[in-house]
Amino acid sequence: MKTQNKLIFFLTTIFFFYLLIFSGFIYYALNNYSYTDFYKRLEIRAATAAKIELEKHSDIDAVREIRQDYLELLPEEQIIIIDPSDDLNNELKNLKLSKNFFSKIESQNRASFNRQNRYYSGIKYKSEGKNYYIIASAVNYYSSHHSLYLRNLLIGGLLTSCLIIFVIAYLFSRKVLNPVEVMVKGMRNISTQNLSERLPSPKNNHELAAIANSFNEMLNRLETSFETQKNFISNASHELNTPLTSIIGQAEIALSKPRHPDAYIKSLYAILEDAEKLSRKTEALLSLAQTSYNNSHELFEEIRIDELLIDVKENILKLYAEAKIHIDFSLLPENPEKLKFRGNEQLLHLALFNIIMNASKYSNHQKVQVALAVSSKNIVIVIKDQGIGIPEREISNIYDPFFRASNTGSFKGYGIGLPLSRNIIDIHHGILNVSSKDEKGTTVEIKIPLI
């Protein structure tokens, strides 16, 4: 069932049962009131008749006139005065009344009941020291017809109200769900061919505006991801194709004609060098893909960040003995337990190794400052070099795989290290910030939460 139909059905059903209960309450209350009122009118007529018939005072004529002027004659009205000293059984037989009715009059001074739309009201009246039973009865024509009219009126009103509510619910659901339908149509029109399109944000509907904005933000991320993927595939194809072309060329040259063994050895060395480059690039791509898509399967363990940094420094010095890396531990907490956190040691080692090694390499192995600090929530690592820096116009592209700044031509590299490091920091729910100026060095700040 469509949401619009569900909304119409829900609203109509709720209001229908509400009106049904409300109408039933009105009908029940007024019907009971009419019965009570009719019994009261019969009781007044019985008391008036007793005064007229049993009292011998001078004001009886006035009572009779009041009755004639103000008490209308009820349909089939009958008033009977019974002397209890007479044969009561004979009276009961003639009037077809139950003995319990008179017993109730005797004990409570009044009683009432109805039979086949004829209503009876009886009172006990004392005159000149003697008790009498006064029975007034009449057909409740007005009450029954009024109740029938009220019932028909309420049923008609209920059906009419349901029809009105149905129309209002239909119009309301159209107005409420129309922006949703517009958004759905807009979503269906967006594909990989037009990811730049965005949904309009409703101005008068905060919730739908939030949904539209969230969807547009998701499209921004998807568009960026698609563009990155396109660039990644393009760059990867180019980077992998270069050593492959060189390998094929060397092999074709070697096989084109018989050569001296030294020439074959030289070709094999060239092929081996290109194959090693291809292997390193493939491993870098696999590492990047692994950290991007399989981060939920990484094994976390307890790590001490200061020991990890020292190990990274030692590994870099083994490769580049001329590197000058200074680690500042002056901001460390007194309690060494605060240096421990849960993470993947191998991946973090790889990320820090790439960043510190780049800082040393692109500064021609000048001094690299590494500062470590620990707050109550985060581990903060700041790496600062005095190298060639990154041109300001290119800083936004540094996380694109295979991207290399325009001033890095004299340095070897593949453009994989920084994107790989950022993915690793993301796995640890951390933040990697890079600030740099051309020819004035680069500062990298890493924040990893203590989880």
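Using the structure shown, decide if GLY343 is farther than 21 Å from ILE448 by Cβ and either in the same structural domain as LEU432 (by TED's automatic domain parsing) or aromatic (Phe, Trp, Tyr) (or both).
So GLY343 fails the test.
Residue under question is ILE390, and the condition is that it be closer than 18 Å to ASN423 by Cβ and either assigned by TED's automatic domain parsing to the domain that holds GLU314 or at pLDDT 85 or above (or both); does it hold?
For ILE390, the condition - closer than 18 Å to ASN423 by Cβ and either assigned by TED's automatic domain parsing to the domain that holds GLU314 or at pLDDT 85 or above (or both) - is not met.
Which condition breaks for PRO449 when tested against (1) touching a Lys or Arg at 6+ places or on another chain (Cβ under 9 Å); (2) closer than 29 Å to LYS277 by Cβ; (3) modelled with pLDDT of 85 or more?
(2)
In region 38-77, what residues are modelled with pLDDT of 75 or more and in contact with a Leu (Cβ under 9 Å, 6 or more places away or on another chain)?
Across region 38-77, the qualifying residues are PHE38, ARG41, LEU42, ILE44, ARG45, THR48, GLU77.
Looking at this structure, is ASN109 within 24 Å of GLU55 (Cα to Cα) and more than 60 Å from the chain's Cα centre (by Cα)?
In short, yes.
May I ask you to list the residues in region 324-365 that are over 14 Å from ILE381 (Cβ atoms) and either in contact with a strand residue (DSSP E or B) (Cβ under 6 Å, 6 or more places away or on another chain) or among the charged types (D, E, K, R) (or both)?
LYS324, PRO333, GLU334, GLU337, LYS338, LYS340, ARG342, GLU345, SER360, LYS361
Regarding GLN4, is this residue under 30 Å from LEU171 (Cα atoms), modelled with pLDDT under 75 and outside any loop (DSSP other than H, G, I, E, B)?
When the stated conditions are applied, GLN4 passes them.
Name the pairs: first residue in region 204-219 and surrounded by fewer than 16 Cβ atoms within 10 Å (Cβ to Cβ), second residue part of a helix (DSSP H, G or I), Cβ to Cβ under 8 Å, at least 6 apart or on different chains?
Filtered contacts from region 204-219: ASN205/PRO179.
With respect to the numbered conditions (1) among the hydrophobic types (A, V, I, L, M, F, W, C); (2) within 24 Å of LEU278 (Cβ to Cβ); (3) within 38 Å of the chain's Cα centre (by Cα), which one is the sole condition not fulfilled by LEU350?
Single failed check for LEU350: (3).
Among the residues of region 376-385, is any more than 30 Å from GLU334 (Cα to Cα) and modelled with pLDDT of 85 or more?
Among the residues of region 376-385, not one is more than 30 Å from GLU334 (Cα to Cα) and modelled with pLDDT of 85 or more, which makes the answer no.
Among the numbered conditions (1) touching a residue at least 12 places away in the same chain (Cβ under 8 Å); (2) hydroxyl-bearing (Ser, Thr, Tyr); (3) out of contact with any helix residue (DSSP H, G or I) (no Cβ under 9 Å at 6 or more places or on another chain), tell me where SER103 comes up short.
(1)
When you scan region 169-184, do you find a residue that is small (Gly, Ala, Ser), modelled with pLDDT of 80 or more and farther than 30 Å from SER396 by Cα, even just one?
yes
Cβ-Cβ below 6 Å, separation at least six or inter-chain, first residue in region 398-410 and more than 14 Å from SER363 (Cα to Cα) and not assigned by TED's automatic domain parsing to the domain that holds VAL434, second surrounded by fewer than 17 Cβ atoms within 10 Å (Cβ to Cβ) and polar (S, T, N, Q): which pairs?
Partner pairs satisfying both residue conditions: none exist.
Just wondering, is there one or more residues in region 25-32 that are under 60 Å from the mean Cα position of the chain (by Cα), surrounded by fewer than 17 Cβ atoms within 10 Å (Cβ to Cβ), within 21 Å of ARG115 (Cβ to Cβ) and not small (Gly, Ala, Ser)?
The answer is yes, given that some residue of region 25-32 is under 60 Å from the mean Cα position of the chain (by Cα), surrounded by fewer than 17 Cβ atoms within 10 Å (Cβ to Cβ), within 21 Å of ARG115 (Cβ to Cβ) and not small (Gly, Ala, Ser).
Return the only residue of ILE316, ILE388, ILE303, ILE356 being in a strand (DSSP E or B) and buried (at least 16 other Cβ atoms within 10 Å of the Cβ).
Result of the check over ILE316, ILE388, ILE303, ILE356: ILE303.
When you scan region 291-349, how many residues do you find that are modelled with pLDDT under 90 and of a type in the set (Lys, Arg)?
Here the count works out to 4.
Report the residue count in region 102-127 for those that are outside any strand (DSSP E or B) and either exposed (fewer than 14 other Cβ atoms within 10 Å of the Cβ) or of a type in the set (Asp, Glu) (or both).
7
Quick check: is even one residue across region 337-345 in contact with a Phe, Trp or Tyr (Cβ under 7 Å, 6 or more places away or on another chain) and within 18 Å of LYS437 (Cβ to Cβ)?
no
The values are calculated or read from the model by the stated rules, or taken from the named source; none is laboratory data. This is a predicted model, so every value here is computed, not measured. Every residue, glycine among them, receives a Cβ derived from its backbone with ideal geometry; neighbour counts consider all protein chains shown.
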